[in-house]
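S.K.: This structure is in structure tokens; I'll ask about it shortly.
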Amino acid sequence: MKRGFQEQSDSVPSGEGHVGSVHNREYQQLQAFIFAIDEINRNPEILPNVTLGYHVYDSCGYIMKVMQDVLHILSGPKLTAPNYNCMEHGTLAGFIGDLQSVTTLPMAQLLNFYGYTQMPHGLCSAICLPGSRKSLREGYPICCYDCIPCSEGEISNATDSEDCHKCPDDEWPNERKDMCIPRRVEFLSYKKDTIATVFSAMSGLYFILTVFIIGIFISFRDTPIVKASNRNLSLILLISLKLSVLCVYLFIGRPVDITCMLRQISFGIIFTIAVSSILAKTVMVYIAFKASRPGSSWRKWLGVKLPNSVVLVCSSVQVITSALWLSVSPPTQGFDRDSYPGMIIIQCNEGSVIAFYFMLGYMGFLAAVSFGLAFMVRTLPDNYNEAKYITFSMLVLCSVWVCAIPAYLSSKGKHMVIVEVFAILASEIGILSCIFFPKCYNILLRPEINNKRCLLEKSCS
């Protein structure tokens, strides 16, 4: 079987050296073309049972001559007859234009009507559609290949592509892998995530509830129940809880650098003040227990200086840690393109992982110390003893974070945020319900026990 290729030049029989007026550059390319055809025909393993031939024509730079030569080739060597082929031997495989687009483009437009803008296909292979690439079969001629689907993250948008190409960072292949489309963006959003709205509503509700409790304690600040609960520390604790629940709003929405820096730092410092206040309450209950014995030296520690110092010192550690965190390696906005195909997770990179876990660990340490001290004095014979309430609140707090941290570490993207926000809200309601709800119940609904006599006697309980 014979196949022919056509090159624009004056007609030159196959194998003759005359090339007419072809320029030097075209002449060199023509010689390389003829040499390649001859080499292919000499090696039967390249195209088995196929012999290639060629005719060379010179366009002389004229469009009309190009058209005439093309029709001459299509019709046969004797007569120019459109849509009729007088060639007796061989099969026309294709055309190769010259170096000038002014002649090559009209030639291509004409040949398009006859089905020649198309790549020749191997006799032993199907066409590789867009979304796949050609892979040569080992031990077969070069025209035999398999069609391999593009790898993840790559596309091909033409038939019989040799290679697949990677999409830009912000794009991902469609299902057919023949074009790149924008990746989906994920973060905890008010528009897409119902739980974000739920968290926002709960945060607002807890804020109002905390303000209501603050109002009760201020209104009844001179009553025995409020005095016995150390009203200054109680107000510090309530204000810090009120502010910490507002930090939830920094976790919801599209993360940016400023919110990434503020949300962990703000929550860490404010909630540390809350836990430090609880620790100071526990220390004062413990000292009161020790000072109740006659002649005890613990009496000198009673007063407002010690609890205020506990809150100040314990909170200062977190403030210093946060300042170092911000100055050395602050949290920033980050883009995770690797966890889920076709998705960009917009999240906060915590910067210094050591600082982040020190913040959580330090709050856990303060809570554990408070729990230990409160557990030791939980059975004090005092109607207004806070130890048992602190014990339960710290038990809830520690349980929440012990469960939340493994879930946080095993999550990605918005699911990490959901876990942390849930832990913040659960800690808030745990402290309010265990420490302040019983006091508010007694103040508002059992005013008869809110007196000094019931403070000293067990009969009012």
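S.K.: Find the accessible area per residue for region 231-300; the probe is 1.4 Å, ligands and nucleic acids are left out, and the unit is Å².
M.R.: 38
S.K.: Which lysines, if any, have their Cα less than 22 Å from the Cα of residue 300, not counting same-chain residues under 8 positions apart?
M.R.: Within the straight-line limit of under 22 Å, residue 300 reaches these lysines: 227, 281, 290.
S.K.: Right, here's the next one. Rounded to two decimals, what is Rg over Rh for region 193-352 when you use alpha-carbon atoms and the Kirkwood radius?
M.R.: Expressed as Rg/Rh, it is 1.11.
S.K.: For region 255-276, list residues with backbone N below 18 Å from a point placed 7 Å from the Cα of residue 411 toward its Cβ?
M.R.: Only 255-256, 260, 263-265, 267-268 fall inside the zone, counting backbone N under 18 Å.
S.K.: Shifting gears a bit: Taking all protein chains in place and a 1.4 Å probe, what share, in percent, of the accessible surface of region 360-442 do carbon and sulfur account for?
M.R.: Roughly 75 percent, rounded to a whole number.
S.K.: Tell me the net charge near residue 192. Cut-off is 14 Å between Cβ atoms, residue 192 excluded, with +1 for each Lys or Arg and -1 for each Asp or Glu.
M.R.: That works out to +2.
S.K.: With the crude spin-label approximation of a point 7 Å out along Cα→Cβ, what separation in nm comes out for residue 305 versus residue 446?
M.R.: My value for the distance between the label points is 3.7 nm.
S.K.: Kindly state, to the nearest 0.05, the FRET efficiency for residue 100 paired with residue 158, given R0 = 30 Å and r defined as their beta-carbon distance.
M.R.: Here the calculated transfer efficiency is 0.75.
S.K.: Determine the sum of side-chain charges near residue 213: Lys and Arg each +1, Asp and Glu each -1, restricted to other residues whose C-beta is under 14 angstrom from that of residue 213.
M.R.: +3
S.K.: While we're on this one: Please report the net charge: other residues with Cβ closer than 13 Å to the Cβ of residue 153, K and R +1, D and E -1.
M.R.: In short, -2.
S.K.: Let me know the charge dipole size of region 114-233 about its Cα centre in debye, to the nearest 20, where only the beta-carbon of Lys, Arg (+1) and Asp, Glu (-1) is charged.
M.R.: Approximately 900 debye in magnitude.
The values are calculated or read from the model by the stated rules, or taken from the named source; none is laboratory data. Everything numeric here is computed off the predicted structure, so don't read it as measured data. Positions of Cβ are backbone-derived with ideal geometry, glycine not excepted, and every protein chain shown enters the neighbour counts. Surface areas here come from the heavy atoms of the whole protein model, side chains and all, with no ligands, DNA or RNA. Shrake-Rupley method; radii C 1.70, N 1.55, O 1.52, S 1.80 Å.
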